[in-house]
Amino acid sequence: MGWLSKVLRFVLVTACITAQGLGQDAKDDGGPTFTVSDLPVDRPLRIVVYGDMRFTDPSNTNDTTPGVRKWLAQKVAEEKPDIMLLTGDMPFHGSNPADWKIYSEETAAWSQQRLRIYPTIGNHERLPDPQHGMENYFAAYPQIDHHAWYSVQLGNIYLITLDTSSLLNRGWKQRTWLESQLAHLPASADFVFFLFHVPLTSDLQTAFMLNIPDAGMLDLRHELEASAARSHAKFVVFNGHIHNYERFDMNGIMHVISGGGGARPYPIFIRGDQDLYHARTYPNFNYVVITLQGKHADAKMYRVVDPDAAQRSVELQDSFSLDAK
């Protein structure tokens, strides 16, 4: 990397850290940032995962698909999840209050049902003004109490949420916090769910065109793989950023990429052998439903059949199981 590139990266990182300062750091004692004690115990737990909606003015049909976006927001509410995990890029421009207003209007059912929502920060949350973007983000999700990264004890699930728009390099605050979390996973955790925006792995085409993962994220993946091999818990990683659906089972970790919430879809012309989703469907507006009971979970990906149909519907396009060790 040349000296000019290093200077520009330093400026960018400094800006991100400054914006991060709007929040507060999660506790660095290895314990959960939050603990939930009122989950249902008399039935299976239902979890919905999806993201990359880009809520914005419905007249913008280039950067997002407003009809599908709004319909999916209602559809996931109809799944009546106990927990909803958002993989990032919820607004189109995070510093634009108008985009968050559209978010509020189109996700009104989420508020009405008082859904328990855990988000992660995507690159669009900080656009174009990182400071105001983060202010709006934290205002939209008061339940995370201004934490850009955090952990949640959810019964036998331990959720670790990271901010991939801030540095995750070794020695930096977020990475040090993560290492402390990994070193102190509770014995009651059968599953560790990781939630962050930019994936640690991607299909052949995405890796070639978008350089995902880069060297830093690849280093993080290797650390998680080493930790997964030592851990008593099953590791599962949920990401967005790629406006499609991909799934990988690599070195003991399941990676699920669900970025089909309404943002302009990315066509996949080829799929590599490692991607466990082989369908050549396009576009893949989608969400994932996980039904967890004890030490076993069934996961299903639902895809919008025809985004332009007068009466939209979804079809089951992928399913997989998750079992505790």
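The values are calculated or read from the model by the stated rules, or taken from the named source; none is laboratory data. Please read all numbers here as calculations on a predicted model, not as lab measurements. With ideal geometry, Cβ positions are generated from the backbone for all residues, glycine too; neighbour counts draw on all protein chains shown. We work out accessible area using only protein heavy atoms, side chains counted, and drop any ligands, DNA or RNA first. Shrake-Rupley method; radii C 1.70, N 1.55, O 1.52, S 1.80 Å.
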Discussion item. What number comes out for accessible area per residue over the chain if the probe is 1.4 Å? Units Å², please.
Written reply: 43 Å²
Fill in: Cα-projected label distance for Asp306 with Thr281, points at 7 Å along beta-carbon direction, nm
1.5 nm
Worksheet entry | More than 17 angstrom apart: percent of Cα pairs within the stretch 137-217 | 56 percent
Worksheet item: What ranking do 312-325, 284-297 get when scored by the average of other Cβ atoms within 10 Å per residue, highest first?
Response: 284-297, 312-325
Item to complete: Specify the residue with the greatest mean-square fluctuation among Pro32, Pro40, Pro307, computed from a Gaussian network of the chain linking alpha-carbon atoms under 10 Å apart.
Response: Pro40
Practice prompt. Net charge near Leu127: determine it from the other residues with C-beta under 12 Å of the C-beta of Leu127, scoring Lys and Arg +1 and Asp and Glu -1.
Written response: -3
Response to the item:
Highest GNM mean-square fluctuation among Ala309, Ala73, Ala189, for the chain with Cα springs under 10 Å, belongs to Ala309
Practice prompt. Please work out the FRET efficiency for the pair Ser231 and Asp38, using the Cβ-Cβ distance as r and a Förster radius of 25 Å; give the result to the nearest 0.05.
Written response: 0.40
Practice prompt. Quickly work out the Asn251-to-Ala187 label distance, labels modelled 7 Å from Cα along the C-beta direction, and quote it in nm with one decimal.
Written response: 2.9 nm
Practice prompt. Measure off 7 Å from each Cα along the Cα-to-Cβ vector at Ile270 and Arg114, then give the distance between these two points in nanometres to one decimal.
Written response: 5.2 nm
Worksheet, complete the sentence: With the dipole of the stretch 220-325 defined by +1 on each Lys or Arg Cβ and -1 on each Asp or Glu Cβ, the option from Ala309, Phe235, Gly272 whose Cα lies farthest towards the positive pole is Phe235
Worksheet item: Quick one: what do you get for the chain if you divide its Cα Rg by 2.2 N^0.38 Å?
Response: 0.94
Fill in: Once the Cα gyration tensor of the stretch 209-325 is diagonalised, semi-axes √(5λ) in Å
27, 19, 11
Practice prompt. Quick one: grab the alpha carbon gyration tensor of the stretch 153-197, order the square roots of its eigenvalues as a ≥ b ≥ c, and give me rounded if a/c is under 1.5, else prolate or oblate depending on whether a/b is larger than b/c.
Written response: oblate
Response to the item:
Among Lys70/Lys173; Lys173/Lys234; Lys75/Lys325, the pairs whose Cα-Cα distance exceeds 28 Å are Lys70/Lys173; Lys75/Lys325
Worksheet item: Helix-derived [θ] at 222 nm for the chain: sum -39500 (n - 2.57) over DSSP H runs of at least 4, divide by residue count, nearest 500?
Response: -8500 deg cm²/dmol
Worksheet item: Tell me, what % of the accessible area of the stretch 253-325 is carbon and sulfur with a 1.4 angstrom probe?
Response: 49 percent
Worksheet item: Which shape class, rounded, prolate or oblate, goes with the stretch 100-177 when its Cα gyration tensor gives a ≥ b ≥ c as root eigenvalues, a/c under 1.5 marks rounded, and past that a/b bigger than b/c marks prolate?
Response: oblate
Practice prompt. Express the carbon and sulfur contribution to the solvent-accessible surface of the stretch 116-201 as a percent, rounded to the nearest whole number, probe 1.4 angstrom.
Written response: 56 percent
Worksheet item: Between the stretch 257-282 and the stretch 127-200, what is the C-alpha centre distance in whole Å?
Response: 25 Å
Worksheet entry | Square roots of 5 times each gyration tensor eigenvalue, C-alpha, the stretch 172-234, largest first, Å | 25, 13, 10
Item to complete: Please give the net charge around Ala279, taking every other residue with its beta carbon less than 9 angstrom from that of Ala279, where Lys and Arg add +1 and Asp and Glu add -1.
Response: +2
